[in-house]
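One structure is given below, encoded as structure tokens.
The values are calculated or read from the model by the stated rules, or taken from the named source; none is laboratory data. Since we're looking at a predicted model, the values are computed, not measured. With ideal geometry, Cβ positions are generated from the backbone for all residues, glycine too; neighbour counts draw on all protein chains shown.
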There are 2 protein chains.
Amino acid sequence: MTYAVGIDFGTESARALLVDCADGTEVAVAVHVYESGVIDEQLNGVSLEPEWALQDPADYVSALQHAVPQLLAETGVPPESIAGIGVDFTSCTMLPTLADGTPLCMVDELRSEPHAWVKLWKHHAAQPEADRINAVAEERAEGWLRRYGGRYSSEWFFSKALQILDEAPEIYARSERMLEAADWIVWRLTGVETRNMCTAGYKAMWSKRDGFPSRAFFAALDPRFADIVDEKMSRALAPLGGRAGGVCERAARWTGLPLGTPVAVANVDAHVSVPAVGVTGPGRFVAIMGTSTCDVLLGDELAAVDGMCGVVEDGVLPGLHGYEAGQSAVGDIFAWFVGQVGGTHVELAREAARLRPGESGLLALDWWNGNRSVLVDADLRGLIVGLTLATRPPEIYRALIEATAFGTRVIIEAFEQAGVPVDGIVACGGLPDRNPLLMQIYADVCGREIEVASSAQAPALGAAMFGAVAAGEHATIVDAVHAMAAPPRVTYTPDSGHVATYDALYREYLRLHDLFGRGGDDVMRTLKALQLSNPVAIS
Amino acid sequence: MTYAVGIDFGTESARALLVDCADGTEVAVAVHVYESGVIDEQLNGVSLEPEWALQDPADYVSALQHAVPQLLAETGVPPESIAGIGVDFTSCTMLPTLADGTPLCMVDELRSEPHAWVKLWKHHAAQPEADRINAVAEERAEGWLRRYGGRYSSEWFFSKALQILDEAPEIYARSERMLEAADWIVWRLTGVETRNMCTAGYKAMWSKRDGFPSRAFFAALDPRFADIVDEKMSRALAPLGGRAGGVCERAARWTGLPLGTPVAVANVDAHVSVPAVGVTGPGRFVAIMGTSTCDVLLGDELAAVDGMCGVVEDGVLPGLHGYEAGQSAVGDIFAWFVGQVGGTHVELAREAARLRPGESGLLALDWWNGNRSVLVDADLRGLIVGLTLATRPPEIYRALIEATAFGTRVIIEAFEQAGVPVDGIVACGGLPDRNPLLMQIYADVCGREIEVASSAQAPALGAAMFGAVAAGEHATIVDAVHAMAAPPRVTYTPDSGHVATYDALYREYLRLHDLFGRGGDDVMRTLKALQLSNPVAIS
């Protein structure tokens, strides 16, 4: 028997999964909660600006040191039976390091400098830089912009890197390498810097055909930014399914794995979920639903889809174009609401399930953390309309779920309008198992069946599949899928009595979506500007 | 020493106040909480439709039986020292009765019929009837419509009466009298039906110059409605400041007051507050702030003010035009929010007070109970925009306060635009004393000083003043004001550092106010229509 280990580095914790290479049986999982979690209020006692979200890379190493040994100890599987290891990560989660990979935030004199830390995917303070990138790219008619749905996000790599240059030029100067945390953890595992094509393509403007944008483009953003690729990044990119190296001596001590155990090229949580749920070709829309939602869809051809996050050839599976879209807050919104009113998800969902569509009289725009697709605007904000003195918490809870479902429908329709077919929906991630009401509402709102993946650990399973491929246990990732993926566990079918009401509500959603999201009414931006303006004296 | 008793019949309770007729000293107050309170969910175990709000007239009698004897017992004031008694009431709060004043809901076989009960001011289920009244009035170019700001409210008398006819014609047929609860309680006190000019003018289309609308108008609404005035109401209306009669035998038993004690003509809580806060002439805007807010302003001339509730010559003080406007939910919205999130007003206000204007990034439309002025539309709903994952309850609490302040500013500006001057603001009612943050925000938003009346019981004091006038203790209400009203207790001054930000936020409020309130975007009405549409099967 041979096994693979997949490690999924999420927003609050990392999950390590031990899988049978032959048939994908999930033997055990170990969860390591990050000690510092998301750092968005204070860093070493100093308040962070709004929109910031940092992490401590020590938490990632700690996950290797705890979760992998725990897996081995609990299962009794001998370390030499681990054929390979794969990792996936949130993205774009990036950090500046020294030449040897030491994070700048671990350099003593830089620990109190926020820009030395890991910028988490949901760090949204680089919107001014994203705006500048989009303006310059449009002015120069940069061809790559089309692959990002016409708008490069504040969440992506160069927005964040440019924010470091803008706000902390000394940190930018000190940083010898800048890279995705996904590649950084593989570097820690193997001792060798290896960069993956997936994040380069989805977050860093790279494509197989054109490489990175020109030096002139970067220079137009800022002369000091001109050589970022050659100075702090790399043009050598490893394809998915490849082997990054073997476990190095230090990582062997951390994990208890034998020296040289094959390590796969790093991958992204959303993209690695596609093979995990058994999808190997075009047409099936994979929604990875958690604090936020990432959507991945495969297509035979390159199409320009309005407001998608990115499209990368070979970015998910070889030979196909992988389209990525997403919603920057989903589970986070429900958690926020539970935090406001108290109670539990289970109680709220139980009462919310008794409501018929439209009964609450409420409608929300699900932009509590901006809008990633299709508007690509972190400045957008949440809205609830229809509140009355009789409105109760379960009604708002349901309206928030419905709003995220409407957001998903907008994305699906954008793909269809661009000629990228959507034949089915497969959901995975933390939310589908925890909240059946949510899945039923999504099926009703989208008017389509939704399959829920059988694995509750889809990203970690996908990472393990890539680990198995890196180890040579399967020749290709598609072979690994055929051997290791299980059929969907549950299917939600639209309730024909709900579809018409949701169609009517969706029309209202779409009109408000366009009004507030496409510049018809700028109230959200104005409120943000007032919020960020200099404090005035308080009487 | 002679005393007057003022009884203020509010939404949840009645307050009886014992006042020295000579100088207005408030000797004692007794509060009686209504046992049934607001009946808006179930009536005798049967669910009420949304938007309904009823009351039990037995609660009003119970207040007479408990609060007045308690006042006498607690103070030791001999009953014969009570020179007179005055009452004020919420309005339009109306009921159908038999010819002797027995409420239909007290007739055994009608107790389970919702339309037999008192319709409270905030009963909002008569919007279809209000819409019909407005349509017919416009078609017929009815002159009285101008005195209601161009829109007759669903809260007013004939909307509620017409709803009874529409939905329960047998109750309409059984009802021999239909009248304001204010006049009904005076009838119970004196044994004689007496109707006041104030509610007739503000709620029932009457004016001193033109009387009621024509029979043809009522017939155009419904042939069965043609003679409502002559069949179920009265054209004999008593002026404010007059004496309705003396305490009758039964009421003497209830209250402990001597038979024949003078009882003033009934009045409305908002209007009676004007003399209580010392206002006797044009220019000072009186805001009576509680669960809802009523605004009263005196003017020398009759002007058409867009969206005001009503203007009545002699309706507040003799010789002046009394303008009424208002907001249908104020304290109710804050109470709703506290009910959602738990905690207390005091805690939320303390944290909200630390925020600078604009800091929360939130903006709300304060239409949790529709909009009374200046849009006059019960179908409008509350809205919050600017929500993020970082939004905390005190921020929402403050945004809700700000929204109601913006609503007040809209009303003040409507008066000014119509040429009715506003020189100052005087606040009274339950809210100003309980929530200093609220008063400061109102001053900052309106950019004007706000005086808070010295009496915490302004309506009851005003009612007592009218009682003193009815008893002949003062020749006119203006004389009573000069003798009995005290100067304002606190004055809130606008913080110059806040005014500019609130001006900017007000511009945003006003744009959304017009967009959603004046037909630019009908989402609120559509949501209400979906909410009220027939239930569909739940899967």
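Brief remarks follow.
- Options B:Gln55, B:Gln65, B:Gln70; residue that is among the polar types (S, T, N, Q), surrounded by 22 or more Cβ atoms within 10 Å (Cβ to Cβ) and touching a residue at least 40 places away in the same chain (Cβ under 8 Å): B:Gln55
- Within the range B:509-524, the presence of at least one residue that is over 30 Å from B:Thr280 (Cβ atoms), modelled with pLDDT of 95 or more, of a type in the set (A, V, I, L, M) and surrounded by fewer than 19 Cβ atoms within 10 Å (Cβ to Cβ) is confirmed.
- Checking each residue in the range B:241-258 for being in contact (Cβ under 8 Å) with a residue 40 or more places away in the chain, farther than 20 Å from B:Asn196 by Cα and among the basic types (Lys, Arg) picks out only B:Arg250.
- Qualifying positions in the range A:223-240 - part of a loop (DSSP other than H, G, I, E, B), of a type in the set (A, V, I, L, M, F, W, C), surrounded by 14 or more Cβ atoms within 10 Å (Cβ to Cβ) and in contact (Cβ under 8 Å) with a residue 12 or more places away in the chain: A:Met233, A:Leu237, A:Leu240
- Residues of the range A:494-520 that are more than 9 Å from every other protein chain (Cβ to nearest Cβ) and among the charged types (D, E, K, R): A:Asp503, A:Asp514, A:Arg518.
- Out of B:Gly339, B:Gly331, sole residue that is under 16 Å from B:Ala287 (Cα atoms) and within 14 Å of chain A (Cβ to nearest Cβ): B:Gly331
- Test for B:Ala67: is it closer than 22 Å to B:Arg174 by Cβ and not in a loop (DSSP other than H, G, I, E, B): no
- Condition check for B:Gln70: polar (S, T, N, Q), assigned by TED's automatic domain parsing to the domain that holds B:Glu176, within 21 Å of B:Val263 (Cα to Cα) and modelled with pLDDT of 95 or more: yes
- In the set (1) over 19 Å from B:Ser328 (Cα atoms); (2) outside any helix (DSSP H, G or I), B:Glu109 fails one condition alone, (2).
- Pair list, Cβ under 6 Å, 6 or more apart: the range A:1-29 residue within 24 Å of A:Val268 (Cβ to Cβ), other residue among the charged types (D, E, K, R) and in a loop (DSSP other than H, G, I, E, B): A:Cys21/A:Glu473
- Count of residues meeting criterion [within 21 Å of A:Arg15 (Cβ to Cβ), assigned to a loop (DSSP other than H, G, I, E, B) and in contact with a strand residue (DSSP E or B) (Cβ under 7 Å, 6 or more places away or on another chain)] in the range A:278-305: 2
- Residue within the range A:259-267 that is closer than 20 Å to A:Ile7 by Cβ and surrounded by fewer than 21 Cβ atoms within 10 Å (Cβ to Cβ) present: yes
- Set A:Leu110, A:Leu165, A:Leu145, A:Leu98: member being at pLDDT below 95 and surrounded by fewer than 24 Cβ atoms within 10 Å (Cβ to Cβ): A:Leu145
- Checking A:Val38, A:Val87, A:Val29, A:Val33 one by one, the residue that is under 19 Å from A:Pro262 (Cβ atoms) and not assigned by TED's automatic domain parsing to the domain that holds A:Ser328 is A:Val87 and no other.
- Residues of the range A:1-19 classified as farther than 19 Å from A:Pro57 by Cα and in a loop (DSSP other than H, G, I, E, B), total: 2
- Among the residues of the range B:477-491, at least one is more than 7 Å from chain A (Cβ to nearest Cβ) and among the polar types (S, T, N, Q).
- Members of the range B:40-52 found to be in contact (Cβ under 8 Å) with a residue 60 or more places away in the chain and away from every other protein chain (no Cβ under 14 Å), listed by number: B:Leu43, B:Asn44, B:Val46
- Pick from the range A:377-419, criterion over 23 Å from A:Met289 (Cβ atoms) and hydroxyl-bearing (Ser, Thr, Tyr), ranking: farthest from the other protein chains (Cβ to nearest Cβ): A:Thr391
- Among residues of the range A:306-331, those that are closer than 22 Å to A:Gly211 by Cβ, touching a residue at least 24 places away in the same chain (Cβ under 8 Å) and either assigned to a loop (DSSP other than H, G, I, E, B) or not aromatic (Phe, Trp, Tyr) (or both), counted: 14
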